[in-house]
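**Q** I'd like to ask some things about the structure below.
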Amino acid sequence: MKTPGDAELVNRDQVAGVAKQIKGSVKQAAGKATGNKRTQVEGMADKVAGKVQKAYGDVKDKVRKAF
């Protein structure tokens, strides 16, 4: 059973990655709705960047827990 002192550290890369993915989804949807291909492509790029950053955070978290 965990106590308040056992709180796990927040992995900023995971959080930032998810935020980028959400931002990218919104941007992509806005571009699609307005017919703006550039905004749509930028949204897709943000989503990919967010997935990469989250994956990096996941790996960091696994390494930290292994030690």
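**Q** What does the helix-only formula give at 222 nm for the chain: each DSSP H stretch with n ≥ 4 adding -39500 (n - 2.57), the total divided by the residues, and the result rounded to the nearest 500 deg cm²/dmol?
**A** It comes out at -28000 deg cm²/dmol, rounded to the nearest 500.
**Q** If each of K32 and A45 carries a label point 7 Å out from its Cα toward its Cβ, how far apart are those two points in nm?
**A** Calculated label separation equals 1.9 nm.
**Q** Something else: Taking the chain as the reference, fit the longest principal axis to its C-alpha atoms, fit the long axis of helix 12-34 to the helix C-alpha atoms, and give the angle between the two in degrees, 0 to 90, nearest 10.
**A** Tilt relative to the chain: about 20 degrees.
**Q** Moving on. Here are labelled values, [x] 14.9, 53; [y] 16.2, 52; [z] 10.8, 28, and one is the computed Rg and Dmax of the Cα atoms in Å for what I pasted. Which one?
**A** [y]
**Q** Using only alpha carbon pairs under 8 Å that are at least six residues apart, calculate the relative contact order of the chain and give it in whole percent.
**A** So the answer I get is 38 percent.
**Q** If you don't mind, there's one more thing I want to ask. For helix 37-66, report the angle its Cα long axis makes with the longest principal axis of the Cα atoms of the chain; keep it between 0 and 90° and round to the nearest 10°.
**A** Approximately 10 degrees, to the nearest ten.
None of the figures in this text is laboratory data; all of them are computed from the coordinates on show. Small disclaimer: the values here were computed from a predicted structure and weren't measured. Reconstructed Cβ throughout: ideal geometry from the backbone, glycine too, with neighbour counts over all protein chains shown.
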